[in-house]
Amino acid sequence: MAAIDGGAKDSVYVMTVEDGRHCGHGRADGTTMYSRGYVGAIVDGGVRDVAHSSALDFRFMPWAGAIDSVATTNSAAQMFR
């Protein structure tokens, strides 16, 4: 959370999940970043809770990872509508 707290309003958060096995973005991160004024995130790793972040109008892009289809109700195309 320290890295998120250090960002400026209207920033885009960029992160890498080094081991590639863990989710890099979800409901808690999206809500926190949105409340701090971030406009989006680029995640090199998995993401989940797409519907929640989309409802906040918080945009994120999974770079090399995948969207967790079990925890996701929206498709990747809907995420960037």
Only unsatisfied item for Glu18, checking (1) exposed (fewer than 14 other Cβ atoms within 10 Å of the Cβ); (2) on the phi > 0 side of the Ramachandran plot; (3) modelled with pLDDT under 85, is (2)
Every pair of residues 6+ apart whose Cβ atoms lie under 7 Å, when the first sits in the stretch 10-30 and is more than 15 Å from Phe58 (Cβ to Cβ) while the second is modelled with pLDDT of 75 or more and among the hydrophobic types (A, V, I, L, M, F, W, C): Cys23/Val47
Which of (1) out of contact with any strand residue (DSSP E or B) (no Cβ under 6 Å at 6 or more places or on another chain); (2) modelled with pLDDT of 85 or more; (3) surrounded by 11 or more Cβ atoms within 10 Å (Cβ to Cβ); (4) among the aliphatic types (A, V, I, L, M) does Met33 not meet, given it meets every other one? (1)
Hey, among Ala71, Ala3, Ala8, which residue is at pLDDT below 75 and more than 11 Å from the chain's Cα centre (by Cα)? Ala71
Output for Cβ contacts, cut-off 8 Å, separation at least six or different chains, first residue over 16 Å from Gly6 (Cβ atoms) and free of Cβ contacts under 8 Å to residues at least 60 places away in the same chain in the stretch 35-46, second part of a loop (DSSP other than H, G, I, E, B) and among the aliphatic types (A, V, I, L, M), reads Val43/Val17; Asp44/Val17; Asp44/Ala64; Gly45/Val17; Gly45/Ala64; Gly46/Val17; Gly46/Ala66
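The values are calculated or read from the model by the stated rules, or taken from the named source; none is laboratory data. Not measured: the values here are computed from a predicted model. Quick reminder, even Gly has a Cβ in these numbers, built from the backbone with ideal geometry, and neighbours come from all protein chains shown.
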